[in-house]
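Colleague: Sharing a structure here in structure tokens format.
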Protein chains: 2
Amino acid sequence: MNPHPKLFQFERHATDGAARAGAFQTAHGPLLTPIYAPVGTQATVKALTPRQVREVGASLVLANTYHLYLRPGDEVIAALGGLHAFMGWDGPMLTDSGGFQVFSLGGQKGKKPLRTIDDDGVTFRSYIDGSRHRFTPERVVEIQQNLGADVAMVLDECAPPDDYDYNTRALRRTHAWAERCHAAHTRADQALFGIVQGGVFPELRAQSAEFLRGLDFPGYAIGGLSVGETKTQMHAMLDVTVPLLPADKPRYLMGVGTPEDLVEGVARGIDIFDCVLPTRVARNGQALLRDGKFNMRNARFATDPAPLDERCTCYTCRHFSRAYLRHLLVAKEMLVATLLSIHNLHTMLTIIHEIRAAILAGEFAAYRAAFWEARATSRA
Amino acid sequence: MNPHPKLFQFERHATDGAARAGAFQTAHGPLLTPIYAPVGTQATVKALTPRQVREVGASLVLANTYHLYLRPGDEVIAALGGLHAFMGWDGPMLTDSGGFQVFSLGGQKGKKPLRTIDDDGVTFRSYIDGSRHRFTPERVVEIQQNLGADVAMVLDECAPPDDYDYNTRALRRTHAWAERCHAAHTRADQALFGIVQGGVFPELRAQSAEFLRGLDFPGYAIGGLSVGETKTQMHAMLDVTVPLLPADKPRYLMGVGTPEDLVEGVARGIDIFDCVLPTRVARNGQALLRDGKFNMRNARFATDPAPLDERCTCYTCRHFSRAYLRHLLVAKEMLVATLLSIHNLHTMLTIIHEIRAAILAGEFAAYRAAFWEARATSRA
């Protein structure tokens, strides 16, 4: 390893096919990749203390610009020392641009959209109090600089994945906005990542990757996936996009993160993932296993003394039975959200850590084969 | 200290006036007194992991027989290894008899009571599904033996504190039930405590203490207080009751536990307290301070970088600002219940630990005077 890595340098420790194990240098320490980021939408990974987030093995946490801009406000957070100090997380952090949430406001059929887009930016109403707000590329950079995460994202337009004309138009805007974000960004201890868009269209994805590469971002995200397209389409988009991105920069697949997605994403050269799934389903009483899932409300768990997963080493599995977790869920006790979130995140992070170890050992292909083998057996 | 204490022996390490510092031997280790017990109604101290309960300084946890009998059932818990294993708490535990909850079912004016009492026991309907159930002294002992806490409580009848005739009748029953519980109790690793009743009437309290003393319980509780009477009345009842209880047995003041109550209860010879207050108010956004409280919703905290209490060493105060806690509360994030519960319990436990240290140092009178002095100053 390089003893004096520079900020935002991405060092590859090993590669195995397209898969890479590396380290991305941030102002809050090196981020070892591949990595999976829990989502802390409102400056908290729901139901967990930062210490618990650390203990499940997390090293990167994502927060949402849209939510934090509206409440408590990016200037409030800046005055309190930035997002790390505010939420008590001293490791690497990433904020999205807020674009995805704002564009989602237009999504429901038959309802008046809550946002309007023009070439300069997007105007939207607050979901909290209905007040009017405007995001432009420059404003989104300013907000993220106030929040002060280690990685910030450009503003992009998220189009429905299979509408070619829409994606063509959206891509023009996304690229213009990427240039403006790049020009507006000044914070030296924060890396601004570009975002490749283009729906499910290989030529648009290629065009986007080429364009963004020209702006020389310290890292690249692939956006607009896991929003309704098939896995085959997702993989095809990765296959066309990743080879066009610089090998010496980290690659982040936004909002994607089932166990299968980690294995298949890494196999296609992805370094960073995030997903709300493990914590969201935990709050609904669902436990993720390596090869399936449990709805803890199921009566068959009522007297089950076993831990969720015999092989799991998380706090929940070391101390509590399925029967206890079911009791907490049925009794509507908050602790169940905490204990299932711990287990679900630990499961995801264990998989990504195993993947990294496999790449370093030159055994990723075998790991991937065994992963799918185990799932086939478990389904049989 | 005695190097080989026997189970349920109560050793007094120091006394200071009526205040005592001691150790009560349980099958899960010595319980150092005076002590304050967080309440884990449904086999969980709400919003906290057992590790967090331990870290705030708790050594004794209370659980509710009534709730656990109804859900998941005492036999389910017994089959899973008992309450300690079920909820992952390896320190001393106490279960109440369920009587208080059952008698509370008759409390609302103009509504048909959900329970009927006779000399043999009490019949009630489940708040979960309306099914009929019956508690007798023998049944309540059996349930608590199944749960397996270190300390169990006799079944008692809780009367309105200021109704003399009702208290006279209830006391007859309470005493008969205490005898029956005492006779029915067989579990060698569990101590059964008697409960003194008698409302706000000194002669009834004295009569109850004398009667129960004759049954030679390994510990004595004082029940039926903090249910509407004044502090002056509560203190008068302690002043008449405590001197009639054996000096070499622990004394437990049930359901009582503000900071003032701890200081004044210990001054009157109480060793054990419990109260839901610190965790209940935490879930409503209230932070307990040593000399007051904060409603964290208050807008004045929105940009306040200070911890809840500069002098507090709890996890919450070491890592988070008032502004962050207010943000979590306003944003309806579960984490605020966890962080405020940690702080509130830590505050209560710090006070009780200070009280113990003051007794051991022979400085309890000075501690008590300083406690009231600080409150007088803070209110001024």
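Colleague: Find the residue count for the stretch A:42-67, including only residues that are in contact with a Ser or Thr (Cβ under 6 Å, 6 or more places away or on another chain) and within 11 Å of chain B (Cβ to nearest Cβ).
Modeller: 4
Colleague: Same structure again: Since residue A:193 meets every condition but one in (1) surrounded by fewer than 21 Cβ atoms within 10 Å (Cβ to Cβ); (2) at pLDDT 95 or above; (3) out of contact with any helix residue (DSSP H, G or I) (no Cβ under 9 Å at 6 or more places or on another chain), which condition does it not meet?
Modeller: (1)
Colleague: Now for a separate question. Tally up the residues in the stretch B:283-314 that are of a type in the set (A, V, I, L, M, F, W, C), in contact (Cβ under 8 Å) with a residue 40 or more places away in the chain and more than 17 Å from residue B:350 (Cα to Cα), please.
Modeller: Count: 1.
Colleague: Please verify whether the stretch B:310-318 includes one or more residues that are over 18 Å from residue B:54 (Cα atoms) and either away from chain A (no Cβ under 14 Å) or in contact with a helix residue (DSSP H, G or I) (Cβ under 7 Å, 6 or more places away or on another chain) (or both).
Modeller: yes
Colleague: Please go through the stretch A:321-345 and pick out each residue that is crowded, with 24+ Cβ neighbours inside 10 Å, over 17 Å from residue B:71 (Cα atoms) and within 9 Å of chain B (Cβ to nearest Cβ).
Modeller: A:338, A:339, A:342
Colleague: Determine if the stretch A:175-182 includes at least one residue that is out of contact with any Ser or Thr (no Cβ under 7 Å at 6 or more places or on another chain), assigned by TED's automatic domain parsing to the domain that holds residue A:40, over 28 Å from residue A:7 (Cβ atoms) and not hydroxyl-bearing (Ser, Thr, Tyr).
Modeller: no
Colleague: Which condition number in (1) more than 14 Å from chain A (Cβ to nearest Cβ); (2) closer than 16 Å to residue A:49 by Cβ is the one that residue B:350 fails?
Modeller: Result: residue B:350 passes all but (2).
Colleague: Among the numbered criteria (1) of a type in the set (A, V, I, L, M); (2) surrounded by 23 or more Cβ atoms within 10 Å (Cβ to Cβ); (3) more than 16 Å from residue B:257 (Cβ to Cβ), which single criterion is violated by residue B:355?
Modeller: Among (1) of a type in the set (A, V, I, L, M); (2) surrounded by 23 or more Cβ atoms within 10 Å (Cβ to Cβ); (3) more than 16 Å from residue B:257 (Cβ to Cβ), residue B:355 violates only (3).
Colleague: Every residue in the stretch B:84-109 that is within 12 Å of chain A (Cβ to nearest Cβ) and either over 17 Å from the mean Cα position of the chain (by Cα) or of a type in the set (Asp, Glu) (or both), please.
Modeller: B:84, B:85, B:86, B:87, B:88, B:90
Colleague: Here is a follow-up. Picking from B:170, B:236, B:176, which residue would you name as being small (Gly, Ala, Ser), buried (at least 22 other Cβ atoms within 10 Å of the Cβ) and in a helix (DSSP H, G or I)?
Modeller: Answer to the check: B:170.
Colleague: Related question: When the stretch A:136-166 is examined, which residues are found to be of a type in the set (A, V, I, L, M, F, W, C) and modelled with pLDDT under 95?
Modeller: Of everything in the stretch A:136-166, those that are of a type in the set (A, V, I, L, M, F, W, C) and modelled with pLDDT under 95 turn out to be A:158, A:159.
Colleague: Here's another thing I want to ask about it. Among the numbered criteria (1) in contact (Cβ under 8 Å) with a residue 60 or more places away in the chain; (2) within 14 Å of chain B (Cβ to nearest Cβ), which one does residue A:229 miss?
Modeller: (2)
Colleague: Same structure, new question: How many residues does the stretch B:32-41 contain that are crowded, with 22+ Cβ neighbours inside 10 Å and within 12 Å of another protein chain (Cβ to nearest Cβ)?
Modeller: The total comes to 1.
Colleague: Among the candidates B:354, B:260, B:310, B:333, single out the residue that is in the same structural domain as residue B:196 (by TED's automatic domain parsing) and either out of contact with any Leu (no Cβ under 8 Å at 6 or more places or on another chain) or not hydrophobic (A, V, I, L, M, F, W, C) (or both). Full working, then the answer.
Modeller: On the way: B:354 fails: in the same structural domain as residue B:196 (by TED's automatic domain parsing); B:310 fails: in the same structural domain as residue B:196 (by TED's automatic domain parsing); B:333 fails: in the same structural domain as residue B:196 (by TED's automatic domain parsing).
Just one listed residue meets the conditions, B:260.
Colleague: For a quick check of your reading of the model, give me the residue pairs whose first member lies in the stretch B:68-82 and is facing chain A (nearest Cβ under 7 Å), whose second is among the hydrophobic types (A, V, I, L, M, F, W, C) and assigned to a helix (DSSP H, G or I), with beta-carbon atoms closer than 6 Å and at least 6 apart or on different chains.
Modeller: B:80/A:323; B:80/B:86
The values are calculated or read from the model by the stated rules, or taken from the named source; none is laboratory data. Since the model is a prediction, treat every value here as computed from it, not as a measurement. Note that each Cβ is placed from the backbone with ideal geometry, even for glycine, and that neighbours are counted across all protein chains shown.
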